[in-house]
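Here's the structure, in structure tokens; my notes come after.
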Amino acid sequence: MAPEQGPPGVRIRGLTVVYRTAAGELPAVSGVDLDLAPGTITGVVGESGSGKSTLALSLLNAVQPPGRIAAGSVEIDGLGDVVALGGEGLRRARGRHVGYVFQAAQNSLNPLKTVGKQVLDLGRSHGVENPRGLLADARDLLGRMGLDGARVLDSYQHELSGGMRQRVGIMLALVLNARLVVLDEPTTALDMITQATILRIVREVHAERGLTTLVITHDLGVVAEVADRLAVMYGGRVAEQGPTREVLAGPRHPYTRGLLGAVPRLVGDIGEAHALPGRPPTLADIPADGCVFRGRCPLRMDVCETGRPPVVVSGSRSAACHALRDDDGHDDGDGPVVAAATGEEQA
Ligand SMILES: Nc1ncnc2c1ncn2[C@@H]1O[C@H](COP(=O)(O)OP(=O)(O)OP(=O)(O)O)[C@@H](O)[C@H]1O
């Protein structure tokens, strides 16, 4: 995948990732289908434990034991199915093709090496032949993000603020010219002003470098700010997905409605916000059959106990819910189409 080839598309199909626990192997991600269209920013949102980070790690086939990808494929343009990749091919793909900014990137730099040294290490591990050119690229990227690049390259982690470290993380994900970038909780632990700055930088760098970007977050405000499309995850499954504006303006899945109702700044008056009752499931109590959200769902019906929710597709949106199957009230004119009740999604 040469840089001039344009941003890659990604097709995730039937992805199931399990972790080995005392109770056996349990799915953290279960039958997920998701498309990342080339050149777009997709946001994956959900409460803690919904499987977002596990899904993101699967894009690099980087799920670590006791986890493993048990089924499905992750097709990346120019790279093929990363689930089938291994060894050297996989190592080279990470960084070169897929740039990854880990959760808590503020703390993931090596405290014993300057940022510049870490750039050189990264280049060496990927066989970059022109280290000076790499450092110049790193300096330019940092400058592009409003930092004094030369100074940051000479700095150690403890000399940088949280927002600066986050920008260094983004630079490290981009400096090898990866065109697919995964950002896991890019703004957690940052103050509001720094958060807004980082999101602006994500949008600008995405557009300027022609990237396909996946942003993982628990914060609907973050996806509202940056994402063209969003996927809402719950209990390891995609509950609803579609264009961000449409989903936020008219959520269909009861979980999405609950999440939105719990965010004061998106619904206006703080008095109108209602916390979603209950807690998200842990691996041990995700129901094996039926709908994973039924325990907290105001629309719960008998069928939710046993049948996996059908994916109701309408235009470029879809939601997996038994209640929507008979619900004409949300039809956007195309008429909802019920897809197979296997968790398959149409993006
Ligand atoms: N190494 C592991 N061993 C066992 N279970 C794990 C492991 N890593 C994650 N899990 C479980 O898998 C489920 C999904 O975790 P994951 O980190 O993907 O969710 P998340 O939505 O990213 O949550 P968070 O926002 O808290 O990171 C959770 O129930 C979690 O406890």
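Odds and ends about this structure:
- Rounded to the nearest 0.05, the FRET efficiency derived from the C-beta distance between Ala207 and Met301 at R0 = 51 Å is 0.70.
- Thr40 long-range amide H proximity, modeled H, under 5 Å: Thr213
- Across segment 113-121, rounded Karplus estimates of 3J(HN,Hα) from the backbone phi angles (6.51 cos²θ - 1.76 cosθ + 1.60, θ = phi - 60°) give 10, 5, 4, x, 4, 5, 5, 5, 4 Hz, Gly and Pro being marked x.
- Among Ala28, Ser316, Gly162 the positive-end extreme of the charge dipole of the chain (Cβ point charges): Gly162
- Near the amide H of Tyr100, within less than 5 Å, lie the amide hydrogens of Gly95, Val182, all on another chain or at least 5 residues away, with H placed in the peptide plane.
- Amide H to amide H, with H built 1.01 Å from N, Leu230 comes under 5 Å of Gly43, Gly242, Thr244, counting only residues 5 or more places away or on other chains.
- Here the dipole of segment 166-244 is about 240 debye; that uses its Cα centre as origin and unit charges on the Cβ of Lys and Arg (positive) and Asp and Glu (negative).
- Using θ = phi - 60° in the Karplus curve 6.51 cos²θ - 1.76 cosθ + 1.60, the 3J(HN,Hα) couplings for segment 199-206 round to 5, 5, 5, 4, 4, 5, 5, 4 Hz; x is entered for Gly and Pro.
- Counting DSSP beta bridges with both ends in the chain, the antiparallel % (nearest 5): 65
- Cα gyration tensor category, rounded, prolate or oblate, for the chain with a/c compared to 1.5: prolate
- Net dipole in debye of segment 110-205 [+1 Lys, Arg Cβ; -1 Asp, Glu Cβ; about Cα centre; nearest 20]: 140
- Span from the segment 28-65 Cα centroid across to the segment 284-314 one, whole angstrom: 21
- In this label model, Met192 and Glu159 are separated by 3.3 nm, measuring between points 7 Å along each Cα→Cβ vector.
- Over the chain, relative contact order from alpha-carbon pairs under 8 Å, at least 6 apart, %: 21
- Computed magnitude of the charge dipole of segment 150-299 (debye, nearest 20; Cβ of K, R +1, Cβ of D, E -1): 240
- Largest first, the three principal axis extents of the alpha carbons in segment 1-79 are 48, 24, 18 Å in whole numbers.
- Taken one residue at a time, the phi angles of segment 87-102 give Karplus couplings (6.51, -1.76, 1.60, θ = phi - 60°) of x, 5, x, 5, 4, 6, 5, 6, x, 6, 9, 10, x, 10, 9, 6 Hz. Gly and Pro are set to x.
- Neighbour-count ranking [beta-carbon atoms within 10 angstrom, fewest first] of Cys304, Cys291, Cys297: Cys297, Cys304, Cys291
- Cys residues of the chain counted as unpaired, since no other Cys beta-carbon is under 4.7 Å: Cys297, Cys321
- The chain: calculated mean residue ellipticity at 222 nm from DSSP helix runs of at least 4, using -39500 (n - 2.57): -8500 deg cm²/dmol
- Nearest 10 degrees, 0 to 90: helix 131-144 Cα axis against the chain principal axis: 60
Each reported figure results from applying straightforward, stated rules to the coordinates on display, with no laboratory input. Note that the coordinates shown come from a computational prediction; the quantities given were computed from them, not determined experimentally. Virtual Cβ from ideal backbone geometry, glycine too; neighbours counted across all protein chains shown.
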